[in-house]
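First the structure, in the form of C-alpha cells, and then the observations on it.
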Amino acid sequence: VLQSSSSLKASYEDWLLTYGLSISPFHMRWQTALFNRQFYSWGRWKPKFLYLWFSVGMVFGIVAMFGSVILLGKTLLQTLTQMLTEAPRAQNDRMLQVVVSVLSSEGFIFVPLGFLLCFVLLSCPHQQVPGVNLPVSQLTYFFSAILISGVIHEVGHGVAAIREQVRFNGFGIFVFIVYPGAFVDLFTTHLQLISPVQQLRIFCAGVWHNFVLGVASFMVLFLLPAILFPFYYTGVGALVTEVAEDSPANGPRGLFVGDLVTNLQDCPVYNVEDWNSCLGDISEKSQVGYCVSAATLQQLSFPTRVYRRLDGTVECCSNNSLTDICFSYSSKLDSHLHACLPARKVIEASKVCRTNMDCQKDFVPGFCMTPSLENQTRLIRVKHPPHIDMLYVGHPMHLQYTVSLSSFVPRQNFLSIDLPVVIETFCKYLISLSGALAVINAVPCFALDGQWILNSFLEATLSSLIVEKQNRELVGFLILLAGSALLAANVALGLWMVTAR
C-alpha cells in the first residue's frame, strides 16, 4: 500500500534502506553491519585452531551429505513399506522439519528457513496431542530453538568465510510467515575465487555448527542432574508440575502440583522416565489383581446382576456407582465368579497378584480379585505419600498426556519446580531442531547447503578425472536432481503421515 502511494513511496523506501529492512508479503528481513566487527574478531581469532575446527567441519559436512541421502532413502523405503502393508501407525509424536537455503541476487546468502514442518523424526510421547504434535504452551521453545539454531548455523558460515579471506557484508534475521531465521551476506566474487577446499570449509560450517550445538545441548541435558545438584535432588520420584484441568487425575483425591509420585501399582517410580515406562508396561500388560481374603470378600460383597459388555467383558455393578468396581475371580469350584466391591477398601491394604497362588499367606485362604474393565481401560493405584493413594480408572495414556512431571525435586521451598523442566525441554528442542537443520541442509538438493557442498566436492575430487567443467556440472546437476526428488518424496509422504488421519 505504501509503495503504491506516489507521495509516500520515496520516504518509505528511504526509511527501509536506512534501517536495513526489507518487507514483502509474508516475509520481513533485517540486515545490518553492526556485528561485522565482532564477526571479523571471531574469524581472526587463533587462525590455526579455526583452520583445524573448520577442516573437521568440512569432513563432517561431506560425511553428512552422503549420510543424509542414506537416511532419506531408508526413511522413504520404510514409509512406503508401511503404506503398502498396514494402516499408518500413530505418528502424532513426529515432525518433518524442512530447512531451505537460497542464493540471493544481492550476494551469496544462506537462509535456513524456520519452516521446520515435518522431517527429522523425534519422539516426544509425553507431549502428544492427537492430531497436533506441537502444544501451544511450547511454541516459545519451538520458535526460540529455531532462531538460535539458525543464528548458530549462520555464524558458522560467516566466521568460516572471514577465516578464508572472503568479504563479509552483513548479518541479518528474518521472519517468514511466523518462522524466524537468520542469514549472512557474503561477497560472491571472493567466494568464487577461492579454492574448492576453502569453499567446502565455508559451506560445511553451517551444518557443522548445528551438529556441535546439538551435541552441546545433549551434554547439558545428560549432565543436568549434576549441574543442578546443589539446588535439586533426583532419584526419589516424579514431581508433579502441572495437572490439566480436564485430566482424570484432577480432583480432591487426585494429584496436585508438588506431589511426589513413588509408585504406579507395584512399579517403582524414581524419575519421569520410570513414570512413562511404568505406564507403558501397564498399558501393554493385562490388568493386575489384588489379594482379598475370603472373609473380607464375604463381608464386602453383595448380590449383583451380571451382564456382558459389547467387547465381551463383564459388568456387575450399577452404572451409577462412583466407588464400586466389578471384580472377577476364580475358586476351586468355579473359574468365572464376579463381585461388585468398593474399590478403595479392596485395594488400599492389598498386594497385587496374578493368580490365587500369589495370595496364599499363612494358610489364610484368599482370592486374586481382578477388576473387570472395558478393553484398554486399567485400574491404577498411584502412590504419592503422604497423601492417600489415587485410584485411577481409564486408559493409561490419558494419565500420561494430562499430567506433567519432573525428575528434579527442589532442596529449598523457594526454588522453582519449573526451572529444570524449562531447561530440559529447551535442550530437547535444540537437539531436535538443530539436528534437523544439520541433516536437511546436508542433503544434495537445489537451494540447500548441500548443493554448494556437492559442487565444491566435485570440483575438488573430479577435476582430474573429468577435465571439462561442463561435464562436471552435468554430473552435479543429475545428483542434485535425484537428491531433490528424494527429499520432495520424503516431505510429501511425511506430510501425508502426519495429516492424512
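The values are calculated or read from the model by the stated rules, or taken from the named source; none is laboratory data. Here the structure is a predicted model, which means the values were calculated and not measured. All Cβ positions, even for glycine, are placed from backbone atoms using ideal geometry, and neighbour counts span all protein chains on display. Ligands, DNA and RNA are excluded from the accessible area calculation, which covers all protein heavy atoms including side chains. Shrake-Rupley method; radii C 1.70, N 1.55, O 1.52, S 1.80 Å.
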*Please find, among F54, F66, the residue that is open to solvent by 100 Å² or more (accessible area, probe 1.4 Å), closer than 16 Å to F203 by Cβ and modelled with pLDDT of 95 or more.*
F66
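Could you please find all residues in segment 396-410 being over 20 Å from Y290 (Cβ atoms) and not in a strand (DSSP E or B)? Explain how you work it out, then say what you get.
Step one: filter segment 396-410 for residues over 20 Å from Y290 (Cβ atoms), giving 397-398, 400-410.
Result: M397, H398, Q400, Y401, T402, S407, F408.
It is to be established whether one or more residues within segment 202-211 are under 30 Å from A460 (Cα atoms), of a type outside the set (K, R), at pLDDT 95 or above and open to solvent by 40 Å² or more (accessible area, probe 1.4 Å). Step through it out loud before you land on a result.
Narrowing segment 202-211 to residues under 30 Å from A460 (Cα atoms): 202-211.
Restricting the remaining residues to those that are of a type outside the set (K, R) gives 202-211.
Next cut, at pLDDT 95 or above only: 202-211.
Remaining after also requiring open to solvent by 40 Å² or more (accessible area, probe 1.4 Å): 211.
The answer is yes; a qualifying residue exists.
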*With respect to D311, is the statement that it is assigned to a loop (DSSP other than H, G, I, E, B) and open to solvent by 40 Å² or more (accessible area, probe 1.4 Å) true?*
yes
*Could you please find all residues in segment 321-347 being under 15 Å from V393 (Cα atoms), assigned to a loop (DSSP other than H, G, I, E, B) and not small (G, A, S)?*
L322, T323
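Just give me the residues in segment 459-487 being more than 22 Å from I194 (Cα to Cα) and open to solvent by 50 Å² or more (accessible area, probe 1.4 Å), in sequence order.
Of everything in segment 459-487, those that are more than 22 Å from I194 (Cα to Cα) and open to solvent by 50 Å² or more (accessible area, probe 1.4 Å) turn out to be L478, I479, L481, A482, A485.
Going by the conditions given, is K345 open to solvent by 70 Å² or more (accessible area, probe 1.4 Å), touching a residue at least 12 places away in the same chain (Cβ under 8 Å) and over 41 Å from the mean Cα position of the chain (by Cα)? Outline the logic, then answer.
On the way: open to solvent by 70 Å² or more (accessible area, probe 1.4 Å): yes; touching a residue at least 12 places away in the same chain (Cβ under 8 Å): yes; over 41 Å from the mean Cα position of the chain (by Cα): yes.
In short, yes.
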*Select from segment 353-370 the residues that are in contact with a helix residue (DSSP H, G or I) (Cβ under 8 Å, 6 or more places away or on another chain) and either at positive phi or modelled with pLDDT of 80 or more (or both) and list them in ascending order.*
C353, G366, F367, C368, M369
_Give me the residue from segment 409-418 that is in contact (Cβ under 8 Å) with a residue 24 or more places away in the chain and over 19 Å from H384 (Cβ atoms) and, out of that set, surrounded by the fewest Cβ atoms within 10 Å (Cβ to Cβ)._
Q412
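Does E424 qualify as being more than 30 Å from V269 (Cα to Cα) and part of a helix (DSSP H, G or I)? Let's see the steps before the verdict.
Working: more than 30 Å from V269 (Cα to Cα): no; part of a helix (DSSP H, G or I): yes.
Against the criterion (more than 30 Å from V269 (Cα to Cα) and part of a helix (DSSP H, G or I)), E424 does not qualify.
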*Just one of the numbered conditions (1) more than 30 Å from R37 (Cα to Cα); (2) touching a Cys at 6+ places or on another chain (Cβ under 9 Å); (3) open to solvent by less than 60 Å² (accessible area, probe 1.4 Å) is not true of F218; which one?*
(3)
*Identify the single condition in (1) over 26 Å from the mean Cα position of the chain (by Cα); (2) crowded, with 20+ Cβ neighbours inside 10 Å; (3) assigned to a loop (DSSP other than H, G, I, E, B) that S456 does not satisfy, given that it satisfies every other one.*
(3)
*Got at least one residue in segment 239-251 being surrounded by fewer than 21 Cβ atoms within 10 Å (Cβ to Cβ) and in a helix (DSSP H, G or I)?*
no
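Considering only segment 173-189, state which residues are crowded, with 16+ Cβ neighbours inside 10 Å and over 13 Å from G156 (Cα atoms). Talk me through it step by step, then tell me what you get.
Initial filter on segment 173-189 (crowded, with 16+ Cβ neighbours inside 10 Å): 173-176, 179-186, 188.
Residues satisfying the conditions are I173, F174, V175, F176, Y179, P180, G181, T188.
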*Residue in segment 269-290 that is nearest to M357 (Cα to Cα), counting only those that are open to solvent by less than 40 Å² (accessible area, probe 1.4 Å) and part of a loop (DSSP other than H, G, I, E, B)*: V288
